[in-house]
Amino acid sequence: MYDKSLKYFRSILLLLSALVLVQCAKKNNTEPEGERMENNEFKASRSAIIAISPGVAGSTAATYTWSITNAPSENYSLTDASAKEALFAATDIGTYELEVIINDQGKVQTQKVKVYVSKEAKEYKPFIDKVLEFKPAPGQFINDLPVANEGETTDRILSRAQTYLAKKNGDLVSLGAFGGYIVFGFDHTILNVKGKRDFRVLGNAFWAEANPNPNSTMRGGSSEAGVIMVSYDKNKNGLPDDEWYEIEGAGHQMEKTIHNYEITYYRPDPNKKPVPGGGTGSVLFTDMEYIYWKDNQGKNGYLVQNNAYNHSLDYWPKWLKDQASITFKGTRLPDNAVDESGTGSYFVQYAFLYGYADNAPNNDDDSAIDIDWAIDKNGNKVKLPGINFVKVYNGLNQQAGWLGETSTEVMGATDLHLSGENIPTRK
């Protein structure tokens, strides 16, 4: 009797555990699933990517061609359009009509499919929902944006970065020198809408009011380009553990761009004697040999310490004070800072045409990103239905005199479709 009761009790515990795991999985999911209704009809919440298939399929040799025949909005995504099972989603509610042409060894049939898109139960936020990782490189503002105090942990700094960025009007977070990065996610899928730009990473870029070079054909000012990577939550577990793809901006194909660049920074000895180097105006170069670095191109140098902006003079992340070195990898863009004054007093950082964070002002069309610009690790174009996660890292390894190292700043990100912005793509 006792053994039977114990077995029954264990069975109940296993069942309850399974139910808890299922519920947790649902809570971690970034979007509700679609549902097949009767015949060729489906229903889904907006921005939820669902798999649709015809009610009657052909043989294994059959080919499929999907298309949209009637839609209440252009803001939809249709991918895998030549597969038996296509992926569909829309950001606007309404009834979307599709058709699929099935060619089964010369026998052709057409089926109609309807998808009823409704409002989600809890309204999505067009801005960042969660900061998942924050690992800046050394830099002038690393212990200021966000604020870092002695003795604080990596988790505490990550939490503070979350309070800076996960809101409608974010605060600046600095990524430091080349390679420093941040990873964040949204509470929904940002759809890849054909012919339109889909999201924007907010920074503090601005155009120069007065460029002393009248012959310049490029826009410039403060453009500190951050390379953008994206990931679609294909396994729908709410974690950034699917494949990452890089957004190919205009700088990626430039002659001096270095792919697979790697750099290592070495923590300075706190007892090291500074090597001062004069200054420009009121800015003094307090240590010309402050933080040593070397890269995989056979080059090395120093991050120079200066006293500009009343920033912290400690460039090394305080929460990593026991770490002897930090290594970063990525695409290094060509240097874009030019001393247009000739005396070191006026630097212009020229913007790449499109495709990066903190490269053009937030109200400029060229700060907006098209998911169709994504490429895989081999440089091949990919077609994603949408994205759930974004990684931004500093793509520049340069110093601009008294301005110090070029450092990408991030102050948020927005889903352009949910925000009601309609910006055509560049290509």
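Accessible area per residue of the chain at 1.4 Å probe, in Å²?
On a per-residue basis, the chain sits at 48 Å².
Going by alpha carbons, how many degrees (0 to 90, nearest 10) lie between the helix axis of 2-28 and the longest principal axis of the chain?
60
Express the carbon and sulfur contribution to the solvent-accessible surface of the range 47-86 as a percent, rounded to the nearest whole number, probe 1.4 angstrom.
Carbon and sulfur together cover 44 percent of it.
Based on Cα positions only, what radius of gyration and what Dmax would you give for the range 111-200, in angstroms?
Calculated on Cα positions, Rg and Dmax stand at 17.6, 65 Å.
Calculate how steeply helix 154-165 sits against the longest principal axis of the alpha-carbon atoms of the chain, using the helix alpha-carbon long axis, and give the answer as 0 to 90 degrees to the nearest 10.
Tilt relative to the chain: about 80 degrees.
Can you give me the long-range amide H partners of A86? Hydrogens built in the peptide plane at 1.01 Å from N, cutoff under 5 Å, separation of 5 or more residues or another chain.
I52
Do you know the relative contact order of the chain, to the nearest whole percent, from alpha carbon pairs under 8 angstrom that are 6+ apart? Intermediate values should be presented prior to the final figure.
Details: 1060 pairs, mean separation 92.3, N = 427.
With pairs under 8 Å counted, the relative contact order is 22 percent.
List, in order, the whole-Hz ³J(HN,Hα) value for each residue of the range 395-406 obtained from phi through the Karplus relation with A = 6.51, B = -1.76, C = 1.60 and θ = phi - 60°; use x for Gly and Pro.
x, 10, 10, 8, 10, 10, x, 5, 6, x, 5, 6
Quick one: putting +1 on the C-beta of Lys and Arg, -1 on the C-beta of Asp and Glu, what dipole do you get for the chain around its Cα centre, in Debye to the nearest 20?
1100
Cross-link partners among lysines for K167, C-alpha distance below 26 Å, same-chain residues fewer than 8 apart left out?
Result set, ordered by chain and number: K26, K27, K119, K122, K125, K130, K135, K196, K234, K236, K318, K391.
With +1 on the Cβ of every Lys and Arg and -1 on the Cβ of every Asp and Glu, and nothing else charged, how large is the dipole of the range 269-427 about its Cα centre, in debye rounded to the nearest 20?
620
For L132, enumerate residues with amide H under 5 Å from its amide H, sequence gap 5+ or separate chain, H modeled in the peptide plane.
Distant-sequence amide H within range of L132: V183, F184, G185.
List the residues, sorted by chain then number, that are 5 or more residues from Y290 or on another chain and whose placed amide H is less than 5 Å from its amide H.
L303, Q305
Give me the Å³ per residue figure for the convex hull around the C-alpha atoms of the chain.
212
Taking the dipole about the Cα centre of the range 170-259, with the C-beta of Lys and Arg at +1 and of Asp and Glu at -1, give me whichever of P240, I190, A208 is farthest to the positive side.
A208
Cut-off 10 angstrom, C-alpha nodes, Gaussian network model of the chain. Which of N336, N70, N307 fluctuates the most?
Checking each option, the largest mean-square fluctuation is seen for N70.
So how do 371-377, 212-218 stack up, highest first, on mean other-Cβ count within 10 Å?
Order by mean packing, descending: 371-377, 212-218.
Summarise the accessible area of the range 335-381 (1.4 Å probe, protein heavy atoms) by the percent that is carbon and sulfur.
Summing carbon and sulfur atoms, their accessible area is 45 percent of the total for the range 335-381.
The values are calculated or read from the model by the stated rules, or taken from the named source; none is laboratory data. Just so you know, these numbers come straight off a predicted model, no measurement behind them. As a convention, Cβ positions derive from the backbone with ideal geometry for all residues, glycine included, and neighbour counts pool all protein chains shown. With ligands, DNA and RNA removed, areas are computed over all heavy atoms of the protein, side chains included. Shrake-Rupley method; radii C 1.70, N 1.55, O 1.52, S 1.80 Å.
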